[in-house]
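Peer 1: Supplied in structure tokens, the structure appears directly below.
The values are calculated or read from the model by the stated rules, or taken from the named source; none is laboratory data. No experiment lies behind these values; they were computed from the predicted model shown. Cβ atoms come from the backbone with ideal geometry, glycine included; neighbour counts cover every protein chain shown.
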Amino acid sequence: MDQTILSSYAEAKKLYAKHGIQTDKVLEKLSRIKVSLHCWQGDDVQGFLRKDKALSGGIAVTGNYPGRAETPEQLRQDMEKALSLIPGSHKVNLHAIYADTEEDVDLDRLEPRHFSNWVDWAKEQGIGLDFNPTLFSHPKAEDGFTLSHPDEDIRQFWIRHCRSSRRIAEYFGKELGQPCVTNHWIPDGYKDTPVDRLSPRIRLKESLDEIFKDEISEAYNIDAVESKLFGIGSESYVVGSHEFYLGYTVSRGKAVCLDAGHFHPTEVISSKISSVLMFTNRLLLHVSRPVRWDSDHVVTMDDELMEIARELVRGNLLDRTHIGLDFFDGSINHVAAWVIGTRNTIKALLRAMLEPVDSLRKLEEKRDFTSRLALVEEFKSYPFGAVWDYYCQIQGVPVREQWLDEVKKYEQDILLKR
């Protein structure tokens, strides 16, 4: 144990204790929070299922940093490295196109056995798996429509794919002893203003109802649906809007996914969390960093990330919220991107847990807004960094920027030799 870190933590512990905050208990609670690391950061959303690697569905990855994963084995190796530098025990989020198989199998014919290597690896790592059907970058999605397509054959293809995805998720949950969150996002929409906004939404509702007709225990699989404001090629109309999916989840008992980049530039998901969880049992977050649009930048500890964390902590909503990451930056080291984004997310949760929430709430109820503002601002300079350093040390991961040395060495030894 580094004595400087221990000494700094001891002093920070005393300061927080004056406000009734027990840092040891905070760290114990933090260690139980699982963040789902998205596999698609490691290979620029290429996947392994199809030889044609062209992205579509409004998805674009910029940058050509060397060393991205080319095989399932390389991707797992890279994620192992990232996980070794992140405190806590977490999950990995897979898309269907990351099936580990030599078979020539289309999306609607995927089965649990095509992901058995992922399950074996997850058991070795002691982590859980989440899942996503892939409704983009496929010939049957070339015109921008999938589950709301007017062509019945195309629509049924995607329904079969989503139903098989839920069976794969159930397999994950049973094998790994923890629920798999299965998120459904579709790119469907029009580039220009449509005449008929209603019919595609009717077809989407009917498709979703057919997908979810197979009853699967939430002990194994938790269903979520994800809205979007617009995308490349669907600038004027998106079938799966926030209003559509919010209504669907409330009426069907599913979880809604709030993605930080899927709303108007002046909207933030932190302000929506408490409202959504008033009427739904569960929430899925895709923590990302939009820059002017849904550009999926690596998560930094900015104001919105802190507000998301505060909302979850202040409302005691963590137990009903599943936290996943969603960014893909091809311009920097792929492993470093995971580490930066995940460590920042956990740091933000820690900072929120180290606030005197009960005291602040009482001040607010008394209408003592002066004291509330003063205390909130003073706590911004409290020594949460000393608590974070101690947490990293007891979790056996590098403290502060020491992790970067390991990533740079990994880059030289592994990534640049691919």
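Peer 1: Among the residues of segment 102-114, is any within 14 Å of Ala169 (Cα to Cα), among the charged types (D, E, K, R) and modelled with pLDDT of 95 or more?
Peer 2: Looking for residues that are within 14 Å of Ala169 (Cα to Cα), among the charged types (D, E, K, R) and modelled with pLDDT of 95 or more, one finds at least one in segment 102-114, hence yes.
Peer 1: Which strands (runs of 3 or more DSSP E) does segment 166-264 wholly contain that include 3 or more residues that are over 20 Å from Leu325 (Cβ atoms)?
Peer 2: So the answer is none; nothing clears 3.
Peer 1: Moving on. Which numbered condition trips up Gly144, out of (1) part of a strand (DSSP E or B); (2) modelled with pLDDT under 95?
Peer 2: With respect to (1) part of a strand (DSSP E or B); (2) modelled with pLDDT under 95, Gly144 is out only on (1).
Peer 1: Taking the residues in segment 280-306 that are acidic (Asp, Glu) and over 21 Å from Gly42 (Cβ atoms) as candidates, determine which candidate is surrounded by the most Cβ atoms within 10 Å (Cβ to Cβ).
Peer 2: Across segment 280-306, the extreme among qualifying residues is Glu304.
Peer 1: Limited to segment 341-375, what total is found for residues that are more than 28 Å from the chain's Cα centre (by Cα) and not small (Gly, Ala, Ser)?
Peer 2: The number of residues fulfilling the criteria is 15.
Peer 1: Where residues in segment 265-309 are among the polar types (S, T, N, Q) and over 16 Å from the mean Cα position of the chain (by Cα), which of them is nearest to Arg320 (Cα to Cα)?
Peer 2: Asn281
Peer 1: I would also like to ask the following. Regarding segment 24-44, can at least one residue be identified that is over 21 Å from Val397 (Cβ atoms) and of a type in the set (A, V, I, L, M)?
Peer 2: no
Peer 1: Any idea which of (1) of a type in the set (Gly, Ala, Ser); (2) surrounded by fewer than 18 Cβ atoms within 10 Å (Cβ to Cβ); (3) in contact with a strand residue (DSSP E or B) (Cβ under 8 Å, 6 or more places away or on another chain) is the one Gly341 doesn't satisfy?
Peer 2: (2)
Rundown of residues vs (1) in the same structural domain as Ser165 (by TED's automatic domain parsing); (2) over 18 Å from the mean Cα position of the chain (by Cα); (3) assigned to a loop (DSSP other than H, G, I, E, B), yes/no style:
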| position | (1), (2), (3) |
| --- | --- |
| Val26 | no, yes, no |
| Phe48 | yes, yes, yes |
| Leu75 | yes, no, no |
| Lys81 | yes, yes, no |
| Gly88 | yes, no, yes |
| Ile97 | yes, no, no |
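Peer 1: Next question. Which is assigned to a loop (DSSP other than H, G, I, E, B), out of contact with any strand residue (DSSP E or B) (no Cβ under 8 Å at 6 or more places or on another chain), free of Cβ contacts under 8 Å to residues at least 60 places away in the same chain and hydrophobic (A, V, I, L, M, F, W, C), of Met301, Met306?
Peer 2: Met301
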